[in-house]
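A.B. asks: Before we start, here is the structure in question, set down as structure tokens.
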Amino acid sequence: MKKICLITGGSRGIGLEIAKGLAAQGHQVYITSRTPVDVPHLTHMLLDVTQQVSIEQLAQNFPEQRLDVLVNNAGIMPDYDLDIEHTPFDTITQLLETNVRGPFAVTQALLPFLKKSDDARVINMSSDLGAMAQVSDPYSKFDAIDAPSYRVSKAALNMTSLVFAKQFRNTNIQVCSCSPGWCRTGLNEHDDFTHKAPNSATQGADTPIWLALEAEQINGQFFYQRQPIAW
Ligand SMILES: NC(=O)c1ccc[n+]([C@@H]2O[C@H](COP(=O)([O-])OP(=O)(O)OC[C@H]3O[C@@H](n4cnc5c(N)ncnc54)[C@H](OP(=O)(O)O)[C@@H]3O)[C@@H](O)[C@H]2O)c1
């Protein structure tokens with residue numbers, strides 16, 4: 001059956017690859033971003049996830065009766081090279097507004113459409129950097145990266161997945177988190193991070209596409225490379 005999908009932050013990077021992958025399998029795909037883009041086979045809608053009015057307009061103007069797949073992918077990481085002592089107050093606010101309040105409020109606003117699906121999936125794009133199991137392990141593979149506010153925001157996004165998963169347990173709506181792995185995208189264009197990142201954006205899109213279309217029980221879990229991982 002043709003699924004109706006919406007990918008936030010679908011204008012570039014991993015979000016665009018998720019959208020293209022879903023559209024290539026014949027599904028109806030809407031992408032959102034603050035900057036308009038024109039991509040064949042995808043329908044663009046403007047959305048700033050930090051603005052309540054913008055989220056309300058998206059829900060009001062969404063031209064479908066139902067929504068089957070919502071990927072909360074829009075995200076930022078402006079603090080890649082900041083330790084705690086150099087993190088500005090505004091950076092903490094900006095990260096929480098974009099990476100946590102945004103996905104929470106977008107999902108909330110689109111619930112009437114998700115409730116009309118027989119098999120709705122909400123996939124929150126998180127990160128290994130937000131995994132408490134990893135940040136508490138000095139031998140974890142990303143221990144050298146600071147990004148303290150980004151880590152806090154993705155941990156809070158994981159809790160967002162869990163509270164939605166709890167409320168909608170045993171309904172038609174499943175909610176999960178997903179790490180795409182370290183990918184070569186605009187998020188990593190600072191320093192030489194882009195060159196160090198082992199994965200393409202297309203590789204990062206593989207697990208979210210699998211979660212959207214193929215995986216069976218995903219509610220309340222955190223996935224990486226098609227496997228559940230520790231929070
Ligand atoms: N790349 C990695 O290595 C990596 C690793 C782990 C997790 N992730 C996560 O994967 C997701 C996608 O990352 P990416 O690497 O593909 O990033 P990217 O290439 O920088 O793309 C980010 C997307 O988010 C949109 N966006 C940013 N702020 C927004 C806002 N306020 N409102 C609406 N849209 C906004 C951008 O569009 P506009 O600027 O036009 O709005 C763009 O489409 C993020 O959540 C990121 O944290 C990435």
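The values are calculated or read from the model by the stated rules, or taken from the named source; none is laboratory data. This is a predicted model, so every value here is computed, not measured. We place every Cβ from the backbone using ideal geometry, glycine too, and count neighbours over all the protein chains shown. Note: areas computed on protein heavy atoms with side chains; ligands, DNA, RNA excluded. Shrake-Rupley method; radii C 1.70, N 1.55, O 1.52, S 1.80 Å.
A.B. asks: Being under 21 Å from Ile209 (Cβ atoms) and out of contact with any Lys or Arg (no Cβ under 6 Å at 6 or more places or on another chain) is the requirement here; does Lys115 meet it?
C.D. replies: No, not satisfied.
A.B. asks: Within the stretch 46-77, count every residue that is touching a residue at least 40 places away in the same chain (Cβ under 8 Å), within 12 Å of the ligand (Cβ to nearest atom) and in a loop (DSSP other than H, G, I, E, B).
C.D. replies: Residues flagged as touching a residue at least 40 places away in the same chain (Cβ under 8 Å), within 12 Å of the ligand (Cβ to nearest atom) and in a loop (DSSP other than H, G, I, E, B) within the stretch 46-77 amount to 8.
A.B. asks: Report whether or not Leu157 is within 14 Å of the ligand (Cβ to nearest atom) and open to solvent by 10 Å² or more (accessible area, probe 1.4 Å).
C.D. replies: Here the answer is no, as Leu157 does not meet what is asked.
A.B. asks: On the given criteria, is Ile92 open to solvent by 50 Å² or more (accessible area, probe 1.4 Å) and more than 12 Å from the ligand (Cβ to nearest atom)? Step through it out loud before you land on a result.
C.D. replies: Numbers: open to solvent by 50 Å² or more (accessible area, probe 1.4 Å): yes; more than 12 Å from the ligand (Cβ to nearest atom): yes.
For Ile92, the condition - open to solvent by 50 Å² or more (accessible area, probe 1.4 Å) and more than 12 Å from the ligand (Cβ to nearest atom) - is met.
A.B. asks: Scan the stretch 1-44 for residues that are aliphatic (A, V, I, L, M), open to solvent by 30 Å² or more (accessible area, probe 1.4 Å) and within 12 Å of the ligand (Cβ to nearest atom) and report the count.
C.D. replies: Taking the stretch 1-44 and keeping what is aliphatic (A, V, I, L, M), we get 1, 4, 6-7, 14, 16, 18-19, 22-24, 29, 31, 37, 39, 42.
Now drop any that are not open to solvent by 30 Å² or more (accessible area, probe 1.4 Å), which leaves 1, 24, 37.
Retained after the next criterion (residues that are within 12 Å of the ligand (Cβ to nearest atom)): 37.
Within the stretch 1-44, residues that are aliphatic (A, V, I, L, M), open to solvent by 30 Å² or more (accessible area, probe 1.4 Å) and within 12 Å of the ligand (Cβ to nearest atom) number 1.
A.B. asks: Of all residues in the stretch 101-140, count the ones that are within 13 Å of the ligand (Cβ to nearest atom), closer than 15 Å to Asn73 by Cα and either open to solvent by 20 Å² or more (accessible area, probe 1.4 Å) or part of a strand (DSSP E or B) (or both).
C.D. replies: Step one: list which residues in the stretch 101-140 are within 13 Å of the ligand (Cβ to nearest atom), which gives 101-103, 105-106, 123-131, 134.
Of the ones still in play, those that are also closer than 15 Å to Asn73 by Cα are 101-103, 105-106, 123-128, 130.
Adding the requirement that they be either open to solvent by 20 Å² or more (accessible area, probe 1.4 Å) or part of a strand (DSSP E or B) (or both) leaves 101, 105, 123-125.
Selection size over the stretch 101-140: 5.
A.B. asks: Can you tell me which residue is farthest from the ligand (Cβ to nearest atom) among those in the stretch 142-154 that are hydrophobic (A, V, I, L, M, F, W, C) and open to solvent by 20 Å² or more (accessible area, probe 1.4 Å)? Give the derivation first.
C.D. replies: Pass one, the stretch 142-154, residues hydrophobic (A, V, I, L, M, F, W, C): 142, 144-145, 147, 152.
Those left that are additionally open to solvent by 20 Å² or more (accessible area, probe 1.4 Å): 142, 144-145, 152.
Numbers: Phe142: 10, Ala144: 15, Ile145: 10, Val152: 13 Å.
Selected residue: Ala144.
A.B. asks: To continue, here is another question. Mind checking which residues of the stretch 197-214 are hydrophobic (A, V, I, L, M, F, W, C) and either more than 10 Å from the ligand (Cβ to nearest atom) or at pLDDT below 95 (or both)?
C.D. replies: Ala197, Ile209, Trp210, Leu211, Ala212, Leu213
A.B. asks: Name every residue in the stretch 160-186 that is open to solvent by less than 60 Å² (accessible area, probe 1.4 Å) and part of a helix (DSSP H, G or I), in order of residue number.
C.D. replies: Thr160, Ser161, Leu162, Phe164, Ala165, Gly186
A.B. asks: Can you tell me which residues in the stretch 64-76 are within 18 Å of Ser127 (Cβ to Cβ) and open to solvent by less than 20 Å² (accessible area, probe 1.4 Å)?
C.D. replies: Within the stretch 64-76, Val71, Asn72 meet the criteria.
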